[in-house]
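First the structure, in the form of structure tokens, and then the observations on it.
The values are calculated or read from the model by the stated rules, or taken from the named source; none is laboratory data. Just so we're clear, the structure is a prediction, and the values are computed from it rather than from any experiment. Note that each Cβ is placed from the backbone with ideal geometry, even for glycine, and that neighbours are counted across all protein chains shown. Surface accessibility is based on the protein's heavy atoms, side chains included, excluding ligands, DNA and RNA. Shrake-Rupley method; radii C 1.70, N 1.55, O 1.52, S 1.80 Å.
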Amino acid sequence: MVAPASRLNPPGKLAAMDVLSYPVLVDPAPAVARWRLQRRRVVWRVVSLVISVLVWAVIWWLNQANLWPGFWWVVGISLGITVAFLVGSIVGLVLARRTVNALHEGLALGVGRDGIFLDGPVPWSAIRAFLVKPPRRGRSATLVVVSKAGTWRTLPLQWLDQTPAAVDNAVRALSGNRLGLDLAPIDRNISVEQQLQLVAP
């Protein structure tokens, strides 16, 4: 997802490229905060399930001789809903933990006069467009770098220490205004495929 620190010194001619005039670093704080929030939700769901079981157990104990019709159906539905929320929270916790594990502190994107550094140095002439993929289901909006060869590189914008507008300004300034980030898709929910149709090959 982001370039590891061990790949910041490419050999040969590419090493001489200016691609680090404007370094954008990984900011793991939002991902860690999301993981902690999901962990608290799981704890609360477990406590809620235990309380529900105890409440229904007390109701059953006090009324076991005169249980109304459908009692066990109501118990099953009530506990089933609580368990479903617990499972959803656990899934969210697992996904949040995977995101944290995939991140590292260090360089995420380098921008310079000669190009960018993203999984290696890339000259401006090799880049077709910078696109923004709108967020989906709580996930971060994603920067999509499309090369003229058709390959894609992605970078979640939420995990960067710079705002999308700041990255846009750096790209426009250092590329000589040849490229930039169109942030409109974030608000308009325009897919990457639709954006590509508007970009010259």
Original post:
Efficiency by 1/(1 + (r/R0)^6): what FRET value for residue 172 and residue 84, r their Cβ-Cβ distance, R0 = 35 Å, to the nearest 0.05?
Top reply: 0.15
Original post:
If the chain between residue 36 and residue 54 were fully stretched, how many nm would it gain, using 0.36 nm times the residue separation less the Cα-Cα distance?
Top reply: 3.8 nm
Original post:
Mind listing the phi-derived Karplus ³J(HN,Hα) values for the stretch 37-54, rounded to whole Hz, using 6.51, -1.76 and 1.60 with θ = phi - 60°, and x for any glycine or proline?
Top reply: 5, 5, 5, 5, 5, 4, 4, 5, 5, 5, 4, 4, 5, 4, 4, 4, 4, 5
**OP:** Evaluate the distance, in nm, between pseudo-label points positioned 7 Å from the Cα of residue 100 and of residue 113 along their respective Cα→Cβ axes.
**Re:** 4.3
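What percent does the relative contact order of the stretch 28-102 come to when contacts are Cα pairs within less than 8 Å and at least six residues apart?
64
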Subject >> Gain on full stretching of the segment that runs from residue 62 to residue 147 - 0.36 nm per residue minus C-alpha separation >> reply: 23.6 nm
Original post:
If amide H atoms are built 1.01 Å from N in the plane of the peptide, which residues on other chains or at least 5 residues away come under 5 Å of the amide H of residue 128?
Top reply: 146, 147, 148
Original post:
Taking H as built 1.01 Å from N, whose amide H comes closer than 5 Å to the amide H of residue 21, not counting residues under 5 places away?
Top reply: 111, 112, 113
Original post:
Accessible area, 1.4 Å probe, largest first: how do 83, 42 sort?
Top reply: 83, 42
**OP:** Hey, can you grab everything whose amide H is under 5 Å from the amide H of residue 108? Only 5+ residues off in sequence or another chain; H modelled, so Pro and N-termini drop out.
**Re:** 24, 25, 26
**OP:** Whenever you get a sec, line up 145, 53 from highest to lowest accessible area (probe 1.4 Å, protein heavy atoms).
**Re:** 53, 145
